[in-house]
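Contents: one structure, followed by commentary.
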Amino acid sequence: MKGKFITFEGSEGSGKSTHSRLLYDYLKSRGLDVIYIREPGGTKISEAIRGLLLDCKNEDMAPEAEMLLYMAARAQLIAQIIEPALKKGRIVLCDRFLDSTLAYQGYGLGINLKLIRDVGGFATRNTVPDLTIFLDLPAREGLKACSRIKTKDRIEKRPIKFHLAVRSGYLKIARQEPKRFKIIKVEKDMRLTQKKVRILAGRLIK
Ligand code: TMP
């Protein structure tokens, strides 16, 4: 038995976490066996790594260490939560996954993309999402929305040039893998965006 694996991606402030949680509540209310997790995080070890990654005190972290720490958090999440859940036939909703590393550390920081894919294959035991929903919002708008809600973490604090490269990286992934990686433009009316999210997920789950 194989479950369904849906990941959410988005630039800062795109509302990705809100929409993935709303989808989780919706699927659950329909009686489906679904779990919700976030990256980096979702296990005790991965949450501890998250703390290291986002702590503004760690501004001297080397790009190589940053990429490997995201992968380490992911490897633990795959082994402990995602793989067992998919084996049981559950629906797994994950807020961010390997595409985040391609976008942020690859397109954003300039780490070799093939290297990220290779290490990613090892860390994820070659687990590929059935569907990835990318919530797209221009980088400047997203960062503005973000700073209204909370203080910026180490990654959010990076210059606008970095965030523009992240977004255009995501758009490149969308062009490379159009079947898996779907773009939803973030609408002012949240209900409209959520409706589109449900339509995409519904096509996969049926
Ligand atoms: P979040 O804000 O969606 O919880 O994600 C935490 C931050 O970590 C966000 O700024 C994006 C960043 N990130 C990466 O840079 N690479 C990754 O592989 C992942 C999963 C997140």
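The values are calculated or read from the model by the stated rules, or taken from the named source; none is laboratory data. Fair warning: this is a prediction, and the values are worked out from it, not measured in the lab. Heads up, the Cβs are rebuilt from the backbone with ideal geometry, glycines too, and the neighbour counts pull from every protein chain shown. Protein only, heavy atoms only, side chains kept; ligands, DNA and RNA dropped before computing areas. Shrake-Rupley method; radii C 1.70, N 1.55, O 1.52, S 1.80 Å.
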If we ask which residues in the range 2-17 are assigned to a strand (DSSP E or B) and hydroxyl-bearing (Ser, Thr, Tyr), their number turns out to be 1
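To keep it simple, each residue is scored yes or no on (1) over 16 Å from the mean Cα position of the chain (by Cα); (2) within 12 Å of the ligand (Cβ to nearest atom).
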| position | (1), (2) |
| --- | --- |
| 116 | no, yes |
| 133 | no, no |
| 160 | yes, no |
| 164 | yes, no |
| 168 | no, no |
Working only within the range 61-88, note down all residues that are open to solvent by less than 30 Å² (accessible area, probe 1.4 Å) and more than 9 Å from the ligand (Cβ to nearest atom).
-> 77, 78, 82, 85, 86
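Among the residues of the range 3-24 satisfying the criterion of being farther than 27 Å from residue 141 by Cα and of a type outside the set (Gly, Ala, Ser), which is surrounded by the most Cβ atoms within 10 Å (Cβ to Cβ)?
Filtering the range 3-24 for residues farther than 27 Å from residue 141 by Cα gives 3-5.
In the following step, the residues that additionally are of a type outside the set (Gly, Ala, Ser) were identified as 4-5.
Numbers: 4: 19, 5: 22.
In this case the residue turns out to be 5.
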Assess whether residue 28 counts as being without any contact (Cβ under 8 Å) to a residue 40 or more places away in the chain, touching a strand residue (DSSP E or B) at 6+ places or on another chain (Cβ under 8 Å) and open to solvent by 10 Å² or more (accessible area, probe 1.4 Å).
-> yes
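Right, residue 60: of a type in the set (Asp, Glu) and farther than 22 Å from residue 138 by Cα or not?
Values: of a type in the set (Asp, Glu): yes; farther than 22 Å from residue 138 by Cα: yes.
Spelling it out, residue 60 is indeed of a type in the set (Asp, Glu) and farther than 22 Å from residue 138 by Cα.
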Are there any helices (runs of 4 or more DSSP H) wholly within the range 101-198 with 1 or more residues that are within 28 Å of residue 83 (Cβ to Cβ) and open to solvent by 90 Å² or more (accessible area, probe 1.4 Å), and if so which?
-> 113-123, 160-176
Go over the candidates 9, 47 one by one and state the one that is among the acidic types (Asp, Glu), within 14 Å of the ligand (Cβ to nearest atom) and closer than 28 Å to residue 114 by Cβ.
-> 9
